[in-house]
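Undergrad: Dumping the structure here so I can ask a few things about it.
The values are calculated or read from the model by the stated rules, or taken from the named source; none is laboratory data. Not measured: the values here are computed from a predicted model. Neighbour counts run over all protein chains shown; Cβ positions are idealised from the backbone, glycine included.
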Amino acid sequence: MNIKRRIFLKYSVLTGALFTLGGVFLKAKPALAAWPEEAFNANSIDTALSALNIGSVVESKDITINTPKTVENGAFVPLSIQANIENVSRISIFVEQSEQPLVGSYDIANNIDPYISTRIKMSKTSNVIALVQTDEKNYIARKSVTILHSDC
């Protein structure tokens, strides 16, 4: 097949322009998961819990919160949560002394080890609270974290 260079360039530019214009006029719907906006915008833990439809909670020693007791910089607080509880459907993370206490909420699929590892921001010394939801009960655990310097 003998394609001349000019014809090839002409159709390449034309095809690129059509794809660009097509992308401008055909907007795809954002592929975002539904998230509890009211809970994330709440200014107290009780308001966030009610927005998440959480009733009573039970303290549990089966939830392990791994984070340093003292953190030098509050902008990067490493945190991991392990729940040794069956049928976990969601793990949520709260910071007690925060303007917006709900900092993360993660849906856990069936037959998956309920483990989360992340980094959060903390502006001052506070309790980190892990809420573990199952089909039957809601469990909670707390750990105090001291912030030496805050960049928040």
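Undergrad: Would you confirm whether or not the stretch 110-117 contains a residue that is modelled with pLDDT of 90 or more, assigned to a strand (DSSP E or B) and among the polar types (S, T, N, Q)?
TA: yes
Undergrad: Here's a follow-up. Filter the stretch 4-13 down to the residues that are exposed (fewer than 10 other Cβ atoms within 10 Å of the Cβ) and either among the hydrophobic types (A, V, I, L, M, F, W, C) or modelled with pLDDT of 80 or more (or both) and list them by number.
TA: Within the stretch 4-13, just ILE7 meets the criteria.
Undergrad: Another question, if that's okay. In the stretch 59-79, how many are in a loop (DSSP other than H, G, I, E, B) and not polar (S, T, N, Q)?
TA: So the count comes out to 7.
Undergrad: Let me ask something additional. Taking the stretch 122-152, which residues are in a loop (DSSP other than H, G, I, E, B) and either crowded, with 16+ Cβ neighbours inside 10 Å or among the polar types (S, T, N, Q) (or both)?
TA: MET122, SER123, THR125, SER150
Undergrad: Kindly list the number of the only condition in (1) over 17 Å from the mean Cα position of the chain (by Cα); (2) outside any loop (DSSP other than H, G, I, E, B) that fails for GLN82.
TA: Failing condition for GLN82: (1).
Undergrad: So which residues in the stretch 124-139 are touching an Asp or Glu at 6+ places or on another chain (Cβ under 7 Å) and of a type in the set (A, V, I, L, M)?
TA: ILE129
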